[in-house]
1. Taking the Cα centroid of the range 197-256 and of the range 313-340, what is the distance between the two, rounded to the nearest whole Å?
2. Binning at 5 Å from 0, report for the range 1-73 what percent of all alpha-carbon pair distances ends up in each bin.
3. What is the Cα coordinate range of the chain on the first, second and third principal axes, sorted by size from largest, in whole angstrom?
4. Note down the net charge around N391, summing +1 for each Lys or Arg and -1 for each Asp or Glu among other residues with Cβ under 10 Å from its Cβ.
5. Got a sec to turn the phi values of the range 63-77 into Karplus ³J(HN,Hα) couplings, 6.51 cos²θ - 1.76 cosθ + 1.60 with θ = phi - 60°, whole Hz, x for Gly and Pro?
6. Semi-axes of the equivalent ellipsoid of the range 126-208: what are they in whole Å, largest first, if each equals the square root of 5 times a C-alpha gyration tensor eigenvalue?
7. Neighbouring Cβ atoms within 10 Å as the yardstick, rank C138, C34 fewest first.
8. For the range 218-336, what mean projected area does the convex hull of the alpha carbons give, in nm²?
Amino acid sequence: MHRLLLQFEALLGADHVLTGEAARPYLTDWRRMCTGTAIAVLRPASTHQVAYIVRLCRQAGVAVVPQGGNTGQVAAATPNGDGNSVVISLRRLDRIRAIDTDNDTMTVEAGCILQNVQHAANEADRLFPLSLGAEGSCTIGGNLATNAGGTQVLRYGNTRDLALGLEVVTAQGEIWHGIHGLRKNNTGYDLRDLYIGSEGTLGIITAATLKLFPRPKAYQTSLLALGSLPDAVSLLREARDQLGADLTGFEIMSDACLTLVVETDLQQCLPFATRPAGAQWYVLIETSTSQNDASAHNSHVSFLEQTMQAGILIDAVIASSQSQRNAFWTLRESITLALAKSAYCIKHDISLPVSTIPAFVKTMDTAIEKRYPGARLMIFGHLGDGNLHYNLLGPATATRAQVAEQEPGIQLLVHDAVTAAGGSISAEQGIGSRRIDDMLRYKSGTELELMRRIKHALDPNNIMNPGKILESSATATPSLDS
């Protein structure tokens, strides 16, 4: 391995080949649930350097673990414990290569921070709509590799829907130049869709051409108090009917979640004059329009008045300024951080048909209380696209170890019910290494076999992020069998 390290240093410079303490921050996942080992952490600055690293690793029988901002929830960018891999950090690939406002596209490298991509689009008077809590540190390559969702899927779709073309380093160290700004390209298999969402197990995304949209001139944002989840579903139906294509975000939060946020961060508070009596759920709803006039505001107000008169809403507050809009979104985006600060959290990232969500939550809440008395349910998510983060903390007196002991049984209970209801055990966070056993339990044999064939066809030596999606880390050591 000493010779391999010298080759890496000759290519990248010694400052960008990290070992020992310098490598440690790259070896633990964001949730600090697992830590792996690696020969080195490599920091290439170009696609050609990434390709050369992959070729060197393939020849040496060493695995490669691509990593962006390392903000994932399922340890997809963390090496396993066999010590036979290198982490390829893509953070230095951070150039915005081109913006084409006539074609409404921008081409960016994988290491670009999502927030920087948003700002670059904004400076060109365009919108790149992907938005999520980690946008200040996650990278566009990681967003693509996991097909990230976020808060505007309702209107703009997942990351897959926002990408037109990719540049990818294959498992053989070749470069696929699939960068283009075409919205119609019906020429055979869609290779782009193979690599998006593959979590680095088929190849390494190094750049992408992304869709841009007209920049909204006005937003209407409200925080609404409701008595029940069925009311929230009714509200969503009315919002789609009355607000139409302007509807951009529809986020659901339980009263327990927002209570935890304001207890954890004393700088935050609910914006209601008095706490709404009987409110068990809150909805953050947002519309956006290209016209900066009073009509959008009037439509928003009319919608709230009608749903209030229909008894769907208990109370509502409309953001009167950009700072208040930001405060509403900060409440929503602080839930994950508040949970992380509080205690060990048993997490589920599930999706269901919207119509089934109230019955699912009611049944599951009862089942959880029976199995784990005193557990505190912390439910929130993107109701507009059927994605719930069905999370729970243990009783207030429980230790982290006691809650962790309950996790396997709780997750089995939840995921069995999700699957029975026609849902998915992973809506937007992926599989990584933490949800492999779950996926193997719920995917059909045919699905799994097709996925294994794709993996073997594109990465026959199993050097691309082994131990993720299809296999346990115990069987992840790469082999040169061809």
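Computed from the coordinates by the stated procedures, all read-outs in this text should not be read as laboratory data. Note that the structure is a prediction, hence the values are computed from the model and not measured. No Cβ is skipped: glycine too gets one built from the backbone with ideal geometry, and neighbour counts run over all protein chains shown.
1. So the separation of the two Cα centres works out to 14 Å.
2. 3, 15, 27, 26, 17, 9, 3
3. 72, 56, 44
4. Here the charged neighbours net out to +1.
5. Ordered by residue, 3J(HN,Hα) equals 7, 10, 10, x, 9, x, x, 6, 10, x, 9, 10, 6, 6, 10 Hz.
6. That gives 22, 16, 10 Å for the three semi-axes.
7. Starting with the residue having the fewest Cβ neighbours, the order is C34, C138.
8. Values: hull surface 28.4 nm².
Hull-based average projected area comes out at 7.1 nm².
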